[in-house]
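The values are calculated or read from the model by the stated rules, or taken from the named source; none is laboratory data. Fair warning: this is a prediction, and the values are worked out from it, not measured in the lab. Glycine also receives a Cβ, built like all others from the backbone with ideal geometry; neighbour counts cover every protein chain displayed. Heads up: the accessible areas ignore ligands, DNA and RNA and are worked out on the full protein's heavy atoms, side chains in. Shrake-Rupley method; radii C 1.70, N 1.55, O 1.52, S 1.80 Å.
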Amino acid sequence: MDALGVGSRGVVDVYSLSNYTFGTKRARGEKDATAAERLLRMRAQYEKEGKRRSVGAICMVSQHRTPHVLLLQITPTSFKLPGGRLRAGEGDVEGLARKMRNKLQPERDDGLEQYEFDIGDQVATWYRTSYEPQMYPYLPAHITKPKEEYRMFVAHLPEKCYFAVPKNLKLLAVPLFELYGNPGKYGAEIASIPHLLSRYRLNLE
């Protein structure tokens with residue numbers, strides 16, 4: 001265990017973007033067309049099931065010896081990490097691996113090689129305190145029942161693989177330096193990634 005309370009290998013191997021092949025698979029409909037619709041649905045779910053638990057994976061590739069983070073683009077102005085909402089009773093790592101298979105792996109009947117994602121350290125926890133877009137990297141003292149808890153993990157990619165992304169989404173490799181200080185475009189959670197990764201040595205292949 002390290003000082004942050006999570007196990008750490010200290011090193012992340014980051015392989016060249018040219019090692020990976022990209023394709024598409026059948027569309028997987030996003031449940032909400034806008035952030036406002038998502039928050040309305042979250043309110044209804046909270047009243048039935050309680051706090052929403054969700055997870056996201058920080059996956060990296062390198063290009064021109066520069067680390068890039070893989071983001072899913074939902075709309076021209078909406079981005080997210082691979083991941084999503086956990087099922088009731090589902091563990092973080094188990095659920096994140098399932099979500100990454102849904103978003104990044106080819107279909108099982110495509111005849112393409114399947115692979116396992118290596119989920120590493122949890123590096124952040126964010127809280128949604130109300131039905132608003134803003135999330136916080138801490139739980140304010142006056143909040144006893146957050147509406148959502150979002151945990152971010154480092155995911156170690158295989159050296160080579162085939163990514164198959166639903167046709168209605170785009171998979172982008174965004175330079176780490178573009179995320180830094182850019183919450184207006186990517187949101188506070190994604191913009192925090194350069195800080196979260198500063199504790200690691202990135203081994204750029």
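The modelled label-to-label distance for the pair THR144/HIS64, using points 7 Å beyond Cα in the direction of Cβ, is 5.4 nm.
Annotation: amide H-H contacts under 5 Å for GLY120 (H modelled 1.01 Å from N, sequence separation of 5 or more, or interchain): VAL154, ALA155, HIS156. Only protein atoms count toward the accessible area here, which uses a 1.4 Å probe; on the chain, the carbon and sulfur part of that area reaches 50 percent. Taking the DSSP beta bridges with both ends in the chain, the antiparallel portion is around 60 percent. Applied to segment 89-97, the Karplus parametrisation 6.51 cos²θ - 1.76 cosθ + 1.60 on θ = phi - 60° returns per-residue 3J(HN,Hα) values of x, 7, x, 4, 5, 4, x, 5, 4 Hz, with x for Gly and Pro.
In the distance distribution for segment 71-178, Cα-Cα pairs more than 15 Å apart total 71 percent. When +1 charges are put on Lys and Arg Cβ atoms and -1 charges on Asp and Glu Cβ atoms, the dipole computed for segment 11-204 relative to its Cα centre reaches about 520 debye.
With the convex hull constructed from alpha-carbon coordinates only, the chain shows a mean projected area of 12.0 nm² over all directions. For the chain, the residue among PRO166, LEU204, PRO106 whose Cα projects farthest onto the positive side of the dipole built from Cβ charges is PRO166.
Taking 1 over the mean of 1/r across every pair of different Cα atoms in segment 20-105, what Kirkwood radius in Å do you get? If you can, show how the numbers build up before the last one.
Working: mean 1/r = 0.0676 Å⁻¹.
Computed over Cα pairs of segment 20-105, the Kirkwood hydrodynamic radius comes out at 14.8 Å.
Near SER130: Cβ cut-off under 13 Å, other residues only, Lys/Arg at +1 and Asp/Glu at -1. The net charge is +4.
Only one residue of TYR127, ILE143, SER54 has its Cα farthest out toward the positive end of the dipole of the chain, where Lys and Arg carry +1 and Asp and Glu -1 on Cβ, and that residue is ILE143. Scalar couplings 3J(HN,Hα) for segment 139-151, obtained by applying the Karplus form with A = 6.51, B = -1.76, C = 1.60 to θ = phi - 60°, are 9, x, 4, 8, 9, 9, 9, x, 7, 8, 10, 10, 10 Hz; x denotes Gly and Pro. Cross-link reach is defined here as a Cα-Cα straight distance under 21 Å, omitting same-chain residues fewer than 8 places apart; for LYS51 the lysines meeting it are LYS31, LYS80, LYS99, LYS145, LYS147. Take the Cα of THR77, go 7 Å toward its beta carbon, and none of the backbone nitrogen atoms of segment 123-145 fall under 13 Å from that spot. What segment 11-204 shows is 51 Å² of accessible area per residue, with the surface traced by a 1.4 Å probe over protein heavy atoms.
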